[in-house]
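**Q** This is the structure I want to talk about, given as structure tokens.
The values are calculated or read from the model by the stated rules, or taken from the named source; none is laboratory data. Treat the numbers as computed from the prediction; the structure is a model and nothing was measured. Note that each Cβ is placed from the backbone with ideal geometry, even for glycine, and that neighbours are counted across all protein chains shown.
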Amino acid sequence: MNTKKRCPALVAAFLIASSAIAQGVLPKPEDAFKDAKIGRTFKDSKPGTMTLTKAPAGAPNVLIILIDDAGFGQWGTFGGQVPTPNLDRLAKMGLRYTRFHTTALCSPTRAALLTGRNHHSAATGVITEVGDGYPGYSGQIPKTDAMFAEVLRQNGYSTAFIGKDHNIADWETSISGPYDRWPSRQGFDYFYGFIGGEMDQWNPTVYRGTVPVSMQIPKGQRGPLHAE
Amino acid sequence: MQTRRMLAFGFFLTVAASSTQGIAPGQSQTTAPPRATTAVPPPPAESLPRPDFHFKGEVGRTYLDSDPPTFPQIMRPPKGAPNVLLILLDDVGFGQFSVTGGGVPSPNMEKLAKQGLLYTRFHTTALCSPTRAALLTGRDHHMAGTGVITELATGYDGYTGIIPKSAGTVAEILKQYGYATAWIGKNHNTPAWETSEDGPFDHWPSGLGFDYFYGFNSGDTSQFEPVLFENHNLVPRSTDPNYHISHDLANHAIAWMQREKEIDPDRPFFLYVAPSATHAPHMAPKEWIDKFKGQFDMGWDRYREMTLERQKKLGVVPADTKLTPRPPSLPAWDGLNADQKRLYARMMEIFAGFGAQIDYEVGRVLDAVAALPDADNTLVIYIVGDNGSSAEGGLDGETNEIASFNGVFEDWQSALKHIDELGGPKYYNHFPAAWAWAMDSPLQWTKQVASHFGGTRNPLIISWPSKITDKGTIRTQFHHVIDIMPTILEVANIPAPNTLNGTPQKPIEGVSMAYSFNDAKAPDRRKSQIFELVSNRGMYNDGWMASSIAFVPWKAFRKAYDPDKAKWELYNITEDFSQADDLAQKYPEKLQALKDLWWAEAARENILPLDWRSVERLSEQITGRPSLAAGGNIFVYDTPLVALPEGSAPDLKNKSFTITAEAEIPANGGDGMIFTQGGITAGWGFYLHKGKLVGLHNYIGLERYRVVSTGNVPVGKVTLTFDFKYDGGGMGKGGTITLLANGKKIGEGRAEKTAGYKYSLYEGQDIGEDSGSPVDFSYTPPFKFNGKLDKVAVELKEQSTVAELRKTDAAPADKNEKTR
């Protein structure tokens, strides 16, 4: 909620923006300090400019909401019987798309959403629990199908994932990792949610980042003189 | 496919059989043996990450007419790759702990050394972030962008405070070969402007190859009231009244290690434990401090003599090692008065308690390692200090380490008033420079002084029960902290990749030390090493060392210096362990050759330009360092926000500002924090206390300028304002604090001085409560605001120009401004 004036930064970002959009490789090369002049001591040198990565000028905040298991005729906004005044309000402020489609299953839709590839291409032809070793079905989203969150993040966005993650291969869901296919390694700075297809709504197992929220580290033996 | 699976199964049976041999009598036999999995070690990779898994069989139209599916296999390091526990203590002298003859008992270090090796000619960079960057990357600290601590970063390649992607870490490589990786403790390798919870996280531990992080992102921390992060997230304040960070970090290290082995016993781990001890503030549980009562009354001069005697007896230094003399600028113990002796001895007792405690806590981690099913195949690398002992406490010691970061050194008379409370949570104390010099016995100088071994020579203990047979012996090969990464890679049989995550890698400059594990007499494989830190310069080559100190470390403002006129010394360190005999006059050509080599290496290693400025580099305004808050004048906070690092928060220093809060005060009166920056070390507080409004500046712990409203603030909705009108005229000047409720003045007073450079290294800005330590002692954190805060706005007003700031900086009174 920071309303500080960012105009000078935005101008700079605009100049960088065209190259950012055309860029083919991430991560970007690091600052080379081309404007630095290096002498023998600081007195005959000029430091280079250290820049902050900023999103292109005008890049909007993006909020994506994905509801789980909902029919076309379920909500009031689309003629259903379940009242959805908040959805109505949003629809009034924006647009309703009525010929929009998903994959017909959970992990696949989510993989397709986050990677912009068909679900089989993202190795998620089916939910992770029933994945098998065919290329379209392993449940491990390949590195060749990067999530757009990663692309946004590397272009200066803050990114977060709150809620359901059903895109981690079954054998990689323990807190031992590897975390390569957890949200924190797929482009999300922050994750708060659950791993798997469904969750008890009253007593969920929730993670913050990669750590179970309820986990308590044992205190160990107290008393610093214990050694004696 | 069938055959391969059986082979893999056979391999794991072998591992299971051999690992059970390591279980000692009396140890738990109930631990499950490693389980058979389909995991196989990968072939070495030139480039990481490896390509994705691809199904190699025939795919038909349905599963019925396709080859059987094959899953990607679980990544495992090469067979026999050990667990690696890397421990790095903070600010420790060569002659500090008993393991190398020092006066602070370290039974756990001694026990580890008996099971392994003690290296006595191992070196660091003489400063914190630099050593840590060099350790993790295997490159010289300047090549790792970390020529100095992150808070002093400047826009030159060697000094950005950013570890470049071209200097990938050992953790990243190990992780991509299947290691589980964790970092517990101090992280002083994230650029200051990236340490907020908003990231980016590329240079947090998670971006540097670590699966798990639990620790602090700063140069130091209160040991009782730290601000900690778990991965990317702030850890809530502990509710344990006996909380101490050394204990907490050990608990987390043990828990992580045990968890990993319980979930996946086959997978080796890389655990990096970096405690806050024994860096200032010297804070320890009272029981630990009290054990040392009266033990340091002999003073620092006698301590050095006693330490060298013990060192000779232990064989950690050659029998002919000389005790280097005290620099003229440090006082003789015998010349002190009784009060000074009482104060300084107490400061040393506190320090010793803090040190003995960390030996005990790390000992608990080592005990947990010993209880692992594969304890024998665990490589422990224990680096006792990231640099020499710290002389940053100035000649008289300090009750607040941050005072020296603001260019102010206290005198002993003021510290003496608080003698009974030092070591506890209220004071950020640091012992006098002469004690640091004594901790470095028998060497010259201290932390920061990279030219001499008092800054760089740290004990190193390596243990690996199944592979190191020459147990309990000493190694004297000359090595440097950059040699640790290649050592780990060699013993794990993992090659460093040429390309890592898309970035071509700079050459690794370290050389593996594994050759010395079972050969005490093996010739040195490190032949040469350059040293540079805030213009203190050293060049080691083939048994000789050229050394040139630029400034004594207890000098905060550093002005006149000419690297071409600076004096150089020359030592034959093969025969002269402590650099006692300067041979510069005797071998001028030898010295000249080393000086020339220094400049050539300096140009190659990103060491130039030399920069000897000290505290003024803390200023973002002077250095132009990025800040999330730079360029803004008005900052509005709608939600309570805690632990925003100082470098990412509005910079309140050396300027006028106004803080306005839209609040709702409960009927029984307001109480709690509205806005604060800093804590016990320095900073601002704007809070309600028993219905009254308080505006406060903590001037580096020496004065607390506290303005209290004349009456209680009205209940219900109210606009509360803290206005500070800066006097101007340079850095650290005073100003007028005015408190208002609904625009009506309800209090006014003066802050005669303000902290002009830094409030705290570890705690930042809080709204709605106070994380970390309190700015004064009229309340107890977290001191949550008991009403409702709708909005808190900070407006920065007129400020001094860089030229004005520089003017003040030129002439501070510095009583430590003594020559050598």
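**Q** Of all residues in the range B:748-769, which are buried (at least 21 other Cβ atoms within 10 Å of the Cβ) and in a strand (DSSP E or B)?
**A** If the condition is that a residue be buried (at least 21 other Cβ atoms within 10 Å of the Cβ) and in a strand (DSSP E or B), then B:ALA751, B:GLN765, B:ASP766, B:ILE767 are the ones that fit.
**Q** So if I check each of B:ASP386, B:ASP396, B:ASP376, which one is among the acidic types (Asp, Glu), assigned to a loop (DSSP other than H, G, I, E, B), away from every other protein chain (no Cβ under 14 Å) and within 26 Å of B:MET485 (Cβ to Cβ)? Please lay out each step first, then the result.
**A** Working: B:ASP396 fails: within 26 Å of B:MET485 (Cβ to Cβ); B:ASP376 fails: assigned to a loop (DSSP other than H, G, I, E, B).
Checking each option against the conditions leaves just B:ASP386.
**Q** Residues in the range B:680-699 that are within 17 Å of B:ASN429 (Cβ to Cβ) and either over 26 Å from the mean Cα position of the chain (by Cα) or at pLDDT below 95 (or both): how many?
**A** Total meeting the criteria: 0.
**Q** Further, regarding this structure: Can you spot a residue in the range B:694-714 that is crowded, with 21+ Cβ neighbours inside 10 Å and within 30 Å of B:GLY145 (Cβ to Cβ)?
**A** Within the range B:694-714, none of the residues are crowded, with 21+ Cβ neighbours inside 10 Å and within 30 Å of B:GLY145 (Cβ to Cβ).
Here's the yes/no breakdown for (1) within 27 Å of the chain's Cα centre (by Cα); (2) surrounded by 23 or more Cβ atoms within 10 Å (Cβ to Cβ):
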residue: B:TYR243; (1), (2): yes, no
residue: B:ARG259; (1), (2): yes, no
residue: B:TYR272; (1), (2): yes, yes
residue: B:PRO275; (1), (2): yes, yes
residue: B:PRO281; (1), (2): yes, yes
residue: B:TRP288; (1), (2): yes, yes
residue: B:ARG326; (1), (2): no, no
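**Q** Out of the residues in the range B:257-316 that are part of a loop (DSSP other than H, G, I, E, B) and among the aliphatic types (A, V, I, L, M), which is farthest from B:LYS341 (Cα to Cα)? Spell out the reasoning first.
**A** Just the residues of the range B:257-316 that are part of a loop (DSSP other than H, G, I, E, B), to begin with: B:264-268, B:275-285, B:291-298, B:315-316.
Remaining after also requiring among the aliphatic types (A, V, I, L, M): B:277, B:280, B:283-284, B:298, B:316.
On the way: B:ALA277: 24, B:ALA280: 20, B:MET283: 20, B:ALA284: 21, B:MET298: 9, B:VAL316: 30 Å.
Among those that are part of a loop (DSSP other than H, G, I, E, B) and among the aliphatic types (A, V, I, L, M), it is B:VAL316.
**Q** Among the residues of the range A:70-92, is any over 30 Å from B:THR190 (Cβ atoms) and in contact with an Asp or Glu (Cβ under 8 Å, 6 or more places away or on another chain)?
**A** So far as the range A:70-92 goes, yes, one or more of its residues are over 30 Å from B:THR190 (Cβ atoms) and in contact with an Asp or Glu (Cβ under 8 Å, 6 or more places away or on another chain).
**Q** Which one of these is within 14 Å of chain A (Cβ to nearest Cβ) and of a type in the set (D, E, K, R): B:ARG526, B:ARG537?
**A** Selected residue: B:ARG537, the only one of B:ARG526, B:ARG537 that is within 14 Å of chain A (Cβ to nearest Cβ) and of a type in the set (D, E, K, R).
**Q** Being in a helix (DSSP H, G or I) and within 25 Å of B:GLY678 (Cβ to Cβ): is that true of B:ASP248 here? Break it down stepwise before answering.
**A** Details: in a helix (DSSP H, G or I): yes; within 25 Å of B:GLY678 (Cβ to Cβ): yes.
The answer is yes for B:ASP248.
**Q** Grab the strands (runs of 3 or more DSSP E) fully contained in the range B:530-587, keeping just those with 2 or more residues being of a type outside the set (Gly, Ala, Ser) and touching a Ser or Thr at 6+ places or on another chain (Cβ under 7 Å). Full working, then the answer.
**A** Values: elements: B:536-541, B:544-548, B:569-572.
In the range B:530-587, B:536-541, B:569-572 are the strands (runs of 3 or more DSSP E) which contain 2 or more residues that are of a type outside the set (Gly, Ala, Ser) and touching a Ser or Thr at 6+ places or on another chain (Cβ under 7 Å).
**Q** Would you point out which residue out of B:ASP470, B:ASP483 is assigned to a loop (DSSP other than H, G, I, E, B) and either over 23 Å from B:PRO130 (Cβ atoms) or modelled with pLDDT of 95 or more (or both)? Don't jump to the end; show me each part of the working.
**A** Values: B:ASP483 fails: assigned to a loop (DSSP other than H, G, I, E, B).
It is B:ASP470.
**Q** Please find, among B:ASP157, B:ASP198, the residue that is surrounded by fewer than 24 Cβ atoms within 10 Å (Cβ to Cβ), of a type outside the set (Ser, Thr, Tyr) and farther than 30 Å from B:ARG259 by Cβ. First the steps, then the outcome.
**A** Details: B:ASP198 fails: farther than 30 Å from B:ARG259 by Cβ.
Only one candidate passes the filter, namely B:ASP157.
**Q** Okay, next question. Looking at (1) crowded, with 18+ Cβ neighbours inside 10 Å; (2) touching a residue at least 60 places away in the same chain (Cβ under 8 Å); (3) touching a helix residue (DSSP H, G or I) at 6+ places or on another chain (Cβ under 9 Å), find the lone condition where A:GLY156 falls short.
**A** Status for A:GLY156: all satisfied but (1).
**Q** Which residues, taken from the range B:42-91, are over 33 Å from the mean Cα position of the chain (by Cα), among the β-branched types (Val, Ile, Thr) and more than 8 Å from chain A (Cβ to nearest Cβ)?
**A** B:THR62
**Q** Report the residue count in the range B:290-322 for those that are in contact with a Leu (Cβ under 7 Å, 6 or more places away or on another chain) and surrounded by fewer than 17 Cβ atoms within 10 Å (Cβ to Cβ).
**A** Counting residues in the range B:290-322 that are in contact with a Leu (Cβ under 7 Å, 6 or more places away or on another chain) and surrounded by fewer than 17 Cβ atoms within 10 Å (Cβ to Cβ) gives 1.
**Q** Mind listing just one residue for me: the one in the range A:191-220 that is more than 25 Å from the chain's Cα centre (by Cα) and surrounded by 12 or more Cβ atoms within 10 Å (Cβ to Cβ) and, of those, modelled with the highest pLDDT?
**A** Among those that are more than 25 Å from the chain's Cα centre (by Cα) and surrounded by 12 or more Cβ atoms within 10 Å (Cβ to Cβ), it is A:ILE217.
**Q** For the range B:625-648, how many residues meet the condition of being facing chain A (nearest Cβ under 7 Å) and at positive phi?
**A** 1
**Q** Condition check: more than 11 Å from chain A (Cβ to nearest Cβ) and surrounded by fewer than 24 Cβ atoms within 10 Å (Cβ to Cβ). Does B:LYS114 satisfy that?
**A** Values: more than 11 Å from chain A (Cβ to nearest Cβ): yes; surrounded by fewer than 24 Cβ atoms within 10 Å (Cβ to Cβ): yes.
Considered against the rule, which asks whether it is more than 11 Å from chain A (Cβ to nearest Cβ) and surrounded by fewer than 24 Cβ atoms within 10 Å (Cβ to Cβ), B:LYS114 comes out as yes.
**Q** Yes or no: B:ALA560 at pLDDT below 95 and buried (at least 22 other Cβ atoms within 10 Å of the Cβ)?
**A** Numbers: at pLDDT below 95: yes; buried (at least 22 other Cβ atoms within 10 Å of the Cβ): no.
Against the criterion (at pLDDT below 95 and buried (at least 22 other Cβ atoms within 10 Å of the Cβ)), B:ALA560 does not qualify.
**Q** For residues that are more than 27 Å from B:TRP544 (Cβ to Cβ) and polar (S, T, N, Q), scanning just the range B:410-453, find the one that is surrounded by the fewest Cβ atoms within 10 Å (Cβ to Cβ).
**A** B:GLN413
**Q** Also, I was wondering about something else. Of everything in the range B:178-205, what is touching a Lys or Arg at 6+ places or on another chain (Cβ under 8 Å) and of a type in the set (Gly, Ala, Ser)? Give them in sequence order.
**A** Matches in the range B:178-205: B:GLY178, B:ALA180, B:ALA192.
**Q** Would a scan of the range A:54-75 turn up a residue that is within 14 Å of chain B (Cβ to nearest Cβ) and at pLDDT below 90? Please lay out each step first, then the result.
**A** So the first thing to find is which residues in the range A:54-75 are within 14 Å of chain B (Cβ to nearest Cβ), and the list is A:54-55, A:61.
Still in the running and at pLDDT below 90: A:54.
Scanning the range A:54-75, I find at least one residue that is within 14 Å of chain B (Cβ to nearest Cβ) and at pLDDT below 90, so the answer is yes.
**Q** When the range B:115-154 is examined, which residues are found to be in a loop (DSSP other than H, G, I, E, B) and either among the acidic types (Asp, Glu) or within 16 Å of B:TRP612 (Cα to Cα) (or both)?
**A** Restricting attention to the range B:115-154, the residues satisfying the condition of being in a loop (DSSP other than H, G, I, E, B) are B:116, B:120-121, B:124-127, B:138-149, B:153-154.
Once the filter is applied, which keeps residues that are in a loop (DSSP other than H, G, I, E, B) and either among the acidic types (Asp, Glu) or within 16 Å of B:TRP612 (Cα to Cα) (or both), the range B:115-154 yields B:THR125, B:ALA126, B:LEU127, B:ASP140, B:HIS142, B:THR146, B:GLY147, B:VAL148, B:ILE149, B:ALA153, B:THR154.
**Q** Of all residues in the range A:26-43 being farther than 16 Å from A:GLY156 by Cβ, out of contact with any helix residue (DSSP H, G or I) (no Cβ under 6 Å at 6 or more places or on another chain) and within 7 Å of another protein chain (Cβ to nearest Cβ), which is surrounded by the most Cβ atoms within 10 Å (Cβ to Cβ)?
**A** Filtering first and then ranking leaves A:PHE42.
**Q** Another question about this same structure. Of the conditions (1) touching a helix residue (DSSP H, G or I) at 6+ places or on another chain (Cβ under 7 Å); (2) within 13 Å of another protein chain (Cβ to nearest Cβ), A:ILE127 satisfies every one except a single condition; which number is it?
**A** (2)
**Q** Out of the range B:285-305, which residues are within 14 Å of another protein chain (Cβ to nearest Cβ) and among the aliphatic types (A, V, I, L, M)?
**A** Our first condition is that a residue be within 14 Å of another protein chain (Cβ to nearest Cβ); within the range B:285-305, this holds for B:285-292.
Listed by number, the list holds a single entry, B:ILE289.
**Q** Next question. Kindly establish whether B:ALA192 is more than 10 Å from every other protein chain (Cβ to nearest Cβ), within 18 Å of the chain's Cα centre (by Cα) and either more than 26 Å from B:ASP91 (Cβ to Cβ) or touching a residue at least 24 places away in the same chain (Cβ under 8 Å) (or both).
**A** Working: more than 10 Å from every other protein chain (Cβ to nearest Cβ): yes; within 18 Å of the chain's Cα centre (by Cα): yes; either more than 26 Å from B:ASP91 (Cβ to Cβ) or touching a residue at least 24 places away in the same chain (Cβ under 8 Å) (or both): yes.
When the stated conditions are applied, B:ALA192 passes them.
**Q** Could you count how many residues in the range B:700-747 are aliphatic (A, V, I, L, M), farther than 26 Å from B:SER800 by Cβ and assigned to a strand (DSSP E or B)? Steps first, please.
**A** Filtering the range B:700-747 down to residues aliphatic (A, V, I, L, M) leaves B:700, B:702, B:707-708, B:713, B:715, B:718, B:720, B:731, B:737, B:739-741, B:746.
Within this subset, residues satisfying the condition of being farther than 26 Å from B:SER800 by Cβ are B:708, B:713, B:715, B:718, B:720, B:741, B:746.
Filter again for assigned to a strand (DSSP E or B), leaving B:708, B:718, B:720, B:741, B:746.
Number satisfying all stated conditions: 5.
**Q** Residues to consider are B:GLY772, B:GLY730; find the one that is surrounded by 20 or more Cβ atoms within 10 Å (Cβ to Cβ), under 35 Å from the mean Cα position of the chain (by Cα) and within 30 Å of B:ASP411 (Cα to Cα).
**A** The unique qualifying residue is B:GLY772.
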